[in-house]
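Here the structure comes first, spelled out in structure tokens, and everything after it is commentary.
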Amino acid sequence: MEHEIIYTQLHKIVPNDKNPKEHDIEEIIRSFQRFGFTNPLIVDNNTNKLVAGHGRLQALIYLQNRDQQAPDGIRTDDNGYWYVPTIERAFLNENEAMAYIIADNKLTEVGNWDNQKLSDMVNELMQNDVNLTDGIGIYNLDEFIDELNDLKVEAKDTVDTNPEAYEAQYLVIIV
């Protein structure tokens, strides 16, 4: 199924009042300030209610209500209206739309990190003096680095005794 991005007036987007996810609006705003608005909202065509992007919507409303500048990626018109990139999708029914709300919020939590790649990326960014706190969700960089080091130790302590697995894990730890 092909989706088209439509720019919808901010005040016409209807949040789903059943959305159970709580959001860190200040962190979302910091992300907007740093990276702009990068991910369209998803609206159910059947109900015209939002199914993905409630935190981003709340952050945009917060900014607009305080007469802040629209983040990059948000269009404005001469009247000061903000237009948000949205994708409209017809869900099978309201239950499927609500299930998607849970899935959209939960799926990023259930995956794991490749600790070596994450560590390498963080180290590279730090060597290039890239700020890893503003708009990324890392509030205390020292604490985050300690967590990464703990994950490396855990990985080292759980090396598989299978020679092939051992060699692969050994190489990851040394690299």
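The values are calculated or read from the model by the stated rules, or taken from the named source; none is laboratory data. Keep in mind that this is a model prediction, so the values were computed, not measured. Note that each Cβ is placed from the backbone with ideal geometry, even for glycine, and that neighbours are counted across all protein chains shown. We work out accessible area using only protein heavy atoms, side chains counted, and drop any ligands, DNA or RNA first. Shrake-Rupley method; radii C 1.70, N 1.55, O 1.52, S 1.80 Å.
Details
- The stretch 116-165, residues that are among the charged types (D, E, K, R), closer than 21 Å to R34 by Cα and at pLDDT 85 or above: E124, D129
- In this structure, Q33 does not satisfy being farther than 20 Å from I138 by Cβ and outside any loop (DSSP other than H, G, I, E, B).
- Any chance D104 is surrounded by fewer than 18 Cβ atoms within 10 Å (Cβ to Cβ), out of contact with any strand residue (DSSP E or B) (no Cβ under 7 Å at 6 or more places or on another chain) and not polar (S, T, N, Q): no
- Note on the stretch 102-136: residues that are more than 17 Å from the chain's Cα centre (by Cα) and of a type in the set (A, V, I, L, M, F, W, C) total 5.
- Selection within the stretch 66-89 - in a loop (DSSP other than H, G, I, E, B) and either surrounded by fewer than 16 Cβ atoms within 10 Å (Cβ to Cβ) or among the β-branched types (V, I, T) (or both): R66, D67, Q68, Q69, D72, G73, I74, D77, D78, N79, G80, Y81
- Within the option set L132, L92, L63, L118, being aliphatic (A, V, I, L, M), assigned to a loop (DSSP other than H, G, I, E, B), out of contact with any strand residue (DSSP E or B) (no Cβ under 8 Å at 6 or more places or on another chain) and open to solvent by less than 40 Å² (accessible area, probe 1.4 Å) holds for one residue only, L132.
Conditions tested, residue by residue: (1) farther than 30 Å from V130 by Cβ; (2) modelled with pLDDT of 95 or more.
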{"position": "I29", "(1), (2)": "no, yes"}
{"position": "F32", "(1), (2)": "no, yes"}
{"position": "G36", "(1), (2)": "no, yes"}
{"position": "A52", "(1), (2)": "no, yes"}
{"position": "Y62", "(1), (2)": "no, yes"}
{"position": "Q68", "(1), (2)": "no, yes"}
{"position": "D77", "(1), (2)": "yes, yes"}
{"position": "D114", "(1), (2)": "no, no"}
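- Residue check for N46: assigned to a loop (DSSP other than H, G, I, E, B), touching a residue at least 40 places away in the same chain (Cβ under 8 Å), open to solvent by 90 Å² or more (accessible area, probe 1.4 Å) and more than 20 Å from E22 (Cβ to Cβ): yes
- In the set (1) in contact with a strand residue (DSSP E or B) (Cβ under 6 Å, 6 or more places away or on another chain); (2) part of a loop (DSSP other than H, G, I, E, B); (3) of a type outside the set (D, E, K, R), T38 fails one condition alone, (1).
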